[in-house]
Amino acid sequence: MKLIISLLSFFFCAGAFLQKQPLPLIAKVYSLDKAGSVSDGEGTTKFIFNGSGSILAEHMITAITLFKGKMSTYSSKFPLERFFIIKNGPVKITLRDSSAILDRGSVICVLPGDNIRIENTGPTDAQFYEMTYRSIKLPDAERGKKAGGSFMINWKDIFFKPTDKGGTRQFFDRQTTMFNRFDIHVTQLNEGFKSHDPHTHVNEEIILMLDGNAEMQIGTDHQKANAGDVVLLNSMVLHNLTNIGKTPCLYFAIQWN
């Protein structure tokens, strides 16, 4: 995994060295199956997207497979912040002075200056998503500190609120070093339902599909989104999601400003 981390650092820093800005990210479904990948003796990393948006000067998402018994350490060196979603566990997370065993759906946010160690303690390969980013505005370390600093949340600790379409889990709505507001919830959408009528909002958004098969309306286009895929929605892009599968869709909805 050291090779992979070095490559990630290269991709993130190359633009700065070349004095070029990353290309703006396009609203669309980014397929996990079609993502390019690199491997080493510890695992495999798939590169889902890397670019910029209206809030973030750098924004990259990768999907990482950590082999059984292996470990990876990540350092959120200033000015980078990291966010992880566990796709398949269990994994042992060590963040600052705390450790916990986290499984599918759990999340970790690592603010600049902190390190995280992820150990695959399970019987099979573990998988997780990593979102690495830095804001266009100057990072506010004091804001992140006042909000509580780096944190991890166990899926099992989040209350499930049933709805007539399925249900929701509200993970958090808080500030970080990079964000004035970082809002994440998970929706369970039953067969045949749509998330809502097509709408727009100022915040950019990511829909990360954990389970199921959906159709995303993005502007006037309609694209399929399957388990593992990542949907990027730019500011003020018309969108909604419809469950077109035979089982419930389960997806993260991530917004920031």
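Taking the radius of gyration and the Kirkwood hydrodynamic radius from Cα positions alone, what is the Rg/Rh ratio for the chain, to two decimal places?
Working: Rg = 17.5 Å, Rh = 18.6 Å.
My calculation puts Rg/Rh at 0.94.
May I ask which of Lys46/Lys224; Lys146/Lys224; Lys137/Lys161; Lys46/Lys161; Lys92/Lys165; Lys137/Lys194 have a Cα-Cα span longer than 31 Å here? Please list the in-between numbers first.
Working: Lys46/Lys224 20 Å; Lys146/Lys224 40 Å; Lys137/Lys161 35 Å; Lys46/Lys161 33 Å; Lys92/Lys165 34 Å; Lys137/Lys194 35 Å.
Pairs exceeding 31 Å: Lys146/Lys224; Lys137/Lys161; Lys46/Lys161; Lys92/Lys165; Lys137/Lys194.
Give me the mean projected area, in nm² to one decimal, of the convex hull enclosing the Cα positions of the range 157-256. Show your work: numbers first, answer last.
Details: hull surface 26.0 nm².
The number I arrive at for the range 157-256 is 6.5 nm².
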Next on the checklist: Multiplying the sequence separation of Asp33 and Lys161 by 0.36 nm and subtracting their Cα-Cα distance, what value in nm do you get?
Outcome noted: 42.9 nm
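For a quick check: sort Ile86, Ile158, Ile244, Ile26 by the number of other beta carbons within 10 angstrom, fewest at the front.
On the way: Ile86 23, Ile158 18, Ile244 15, Ile26 12.
The fewest-first ordering by Cβ neighbours comes to Ile26, Ile244, Ile158, Ile86.
For each of Asp229, Asp103, Asp97, count neighbouring Cβ atoms within 10 Å of the residue's Cβ, then give the residues from fewest to most. Write out the running numbers ahead of the final one.
Values: Asp229 24, Asp103 15, Asp97 5.
The order, fewest Cβ neighbours first, is Asp97, Asp103, Asp229.
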Item to check | HN-Hα J in Hz across the range 226-235 - Karplus 6.51, -1.76, 1.60, θ = phi - 60°, x for Gly and Pro | outcome: 10, 3, x, 6, 10, 10, 9, 10, 6, 4
Item to check | Dipole of the chain [Lys/Arg +1, Asp/Glu -1 at C-beta], most positive-end residue of Gly105, Trp256, Phe151 | outcome: Phe151
Checklist entry - Hey, got the Cα dimensions of the range 2-154 along the principal axes, in Å, largest first? => result 44, 40, 27
Item to check | Point-charge dipole on Cβ atoms (K/R +1, D/E -1) for the range 153-217, about Cα centre, debye to 20 | outcome: 260
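Charges at C-beta only: +1 for Lys and Arg, -1 for Asp and Glu. How large is the resulting dipole of the chain about its Cα centre, in Debye rounded to 20?
Working: 28 positive and 25 negative charges, 81 e Å.
Roughly 380 debye, rounded to the nearest 20.
Bear in mind that the values in this text are calculations on the coordinates, not laboratory data. Keep in mind it's a predicted model, so treat the numbers as computed, not measured. Please note: Cβ atoms are built from the backbone with ideal geometry, for glycine as well, and neighbour counts cover all protein chains shown.
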